[in-house]
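Trainee: Once you've had a glance at the structure underneath, I'll fire off some questions.
The values are calculated or read from the model by the stated rules, or taken from the named source; none is laboratory data. Quantities reported herein were computed from a predicted structural model and do not represent experimental measurements. In this analysis, Cβ positions are derived from the backbone assuming ideal geometry, glycine residues included, and neighbour counts consider all displayed protein chains. Protein only, heavy atoms only, side chains kept; ligands, DNA and RNA dropped before computing areas. Shrake-Rupley method; radii C 1.70, N 1.55, O 1.52, S 1.80 Å.
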Amino acid sequence: MTTHQQMEHETGLIILDAAATAPTHSNNVIAADTPPILQPAVIKALRSLRDSNPSLQRKLNHGIDDSSSSSDESLGYWNRYQEMVMLSPDDNEFTGINLGGLMVRLVNCVPFFQDVEDEKLTSLTTINFGGTDVGMDNLLEGVKLLSKDTKSSVSELYLGGCGIGCRRGSQHLKEVLKLLSNDLKTLDLRYNDLEGKDLVDLEPALSSASNLKILHLEGNYGKCEGAAAIGKVLSATKSNLKELYLGDNQIGSVGAKSLAAGLRNNTTLDKLYLEGNSIGDEGAIALRDVLLDQSSRQCKVLEHLYVDNNGLGKEAATTLGRAVNSETMIEGSLLE
């Protein structure tokens, strides 16, 4: 029986350990199992993605006998290194494309999206282009091709480690999010060199994404300006965020105060990650006061608050811990 061993790539994307996916018999002899044949419509879209991107083509064809014209019709060809092609377990419908951790560069994803639309692959739920350096202008061009039905099926978008900020892609990303925001539930933008002004650009789209539950922004350069923008997202009436990852964004005490202000009337957030932001005692006290205010008004209070490596003194750490209902609820090393 095939086993799948999962691990997290630095872009935050779940990838498969290829060594753990080989089927074996009970005597530990590798079975000559034939990979399933993909639907022609799916093969067409995958070929367009591969043939439009030289680094992906080189990766997938490395060591493959070119004389075998049917090699790319099998799932085994596409999933040699990881679960690049995601299928539903019940009916083998195409549900996702996962390039995160594959170490390839995407220069053109438009032909892929064109085929997804032309072939009516409306079961697509996951787009995982983390670490591919895909241009946001190119991604926008591709997403624009999708019909309303296809766009509404996309619930997970992973773009970690794509250099969006340094390539000035926030405006195009904002338009992508506008097109997908109605049904998007998970958005990963970690390690993208996003600055405060970039998060200000993205704030309206994030605030209107009423189904967004998980937002990854760790490892960027949001600083206090970006924290203020995210504070607005938290206070938006449509916001339903449950998990917010803001570690290593240099937000400081001023940024922590902006987040605290955004949290004051937020009733949905369960987890807030603020590791390594130098919020200090001043920022911790601002968060504490808001949490105590929520508790006094019998509003929903954060269940998990991660604030390690923030330079908190003993008193600030203790009182903040109590505000989250228990000192043990604050995860990580508090007393630096």
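Trainee: Being more than 22 Å from Met136 (Cα to Cα), in a helix (DSSP H, G or I) and among the hydrophobic types (A, V, I, L, M, F, W, C) narrows it down to one residue among Ala227, Ala205; which is it?
Mentor: Ala227
Trainee: Oh, and also: Looking at the stretch 230-250, which of the residues that are among the basic types (Lys, Arg) and part of a loop (DSSP other than H, G, I, E, B) is modelled with the lowest pLDDT?
Mentor: Checking each candidate, the answer is Lys238.
Trainee: Among the residues of the stretch 161-177, are any among the small types (Gly, Ala, Ser) and under 26 Å from Glu83 (Cβ atoms)?
Mentor: Checked the stretch 161-177: at least one residue is among the small types (Gly, Ala, Ser) and under 26 Å from Glu83 (Cβ atoms).
Trainee: If you don't mind, another one. Look through Ser278, Ser295, Ser258, Ser253 and report the one residue that is of a type outside the set (Lys, Arg) and at pLDDT below 95.
Mentor: Going through Ser278, Ser295, Ser258, Ser253 in turn, the sole match is Ser295.
Trainee: If you don't mind, there's one more thing I want to ask. Identify all residues within the stretch 104-126 that are free of Cβ contacts under 8 Å to residues at least 60 places away in the same chain and either in contact with a helix residue (DSSP H, G or I) (Cβ under 7 Å, 6 or more places away or on another chain) or open to solvent by less than 30 Å² (accessible area, probe 1.4 Å) (or both); write none if there are none.
Mentor: Val104, Arg105, Leu106, Asn108, Val110, Phe113, Glu117, Thr122, Ser123, Leu124, Thr125, Thr126, listed by residue number.
Trainee: Would you mind stating whether Lys197 is open to solvent by 40 Å² or more (accessible area, probe 1.4 Å), at negative phi, touching a Leu at 6+ places or on another chain (Cβ under 8 Å) and modelled with pLDDT of 95 or more?
Mentor: Considered against the rule, which asks whether it is open to solvent by 40 Å² or more (accessible area, probe 1.4 Å), at negative phi, touching a Leu at 6+ places or on another chain (Cβ under 8 Å) and modelled with pLDDT of 95 or more, Lys197 comes out as no.
Trainee: Go through (1) within 29 Å of Ala284 (Cβ to Cβ); (2) among the charged types (D, E, K, R); (3) within 17 Å of the chain's Cα centre (by Cα); (4) at pLDDT below 95 for Arg264 and report which single condition fails.
Mentor: Looking at each condition in turn, Arg264 falls short on (3).
Trainee: Right, next: When only residues in the stretch 162-182 that are in a loop (DSSP other than H, G, I, E, B) and hydrophobic (A, V, I, L, M, F, W, C) count, which is farthest from the chain's Cα centre (by Cα)?
Mentor: Result: Cys166.
Trainee: Are any residues in the stretch 258-276 part of a helix (DSSP H, G or I), over 19 Å from Gln298 (Cα atoms) and open to solvent by 30 Å² or more (accessible area, probe 1.4 Å), and if so, which ones?
Mentor: Ser258
Trainee: Return the residue satisfying two criteria in turn: it lies in the stretch 19-59 and is among the small types (Gly, Ala, Ser) and assigned to a loop (DSSP other than H, G, I, E, B), and of such residues it is modelled with the lowest pLDDT.
Mentor: Ala22
Trainee: Would you mind finding the one in Met136, Met84 that is crowded, with 18+ Cβ neighbours inside 10 Å, under 17 Å from the mean Cα position of the chain (by Cα) and under 21 Å from Asp183 (Cα atoms)?
Mentor: Met136
Trainee: So Ile285 fits all but one of (1) buried (at least 19 other Cβ atoms within 10 Å of the Cβ); (2) under 23 Å from the mean Cα position of the chain (by Cα); what number is the exception?
Mentor: Ile285 satisfies all of (1) buried (at least 19 other Cβ atoms within 10 Å of the Cβ); (2) under 23 Å from the mean Cα position of the chain (by Cα) except (2).
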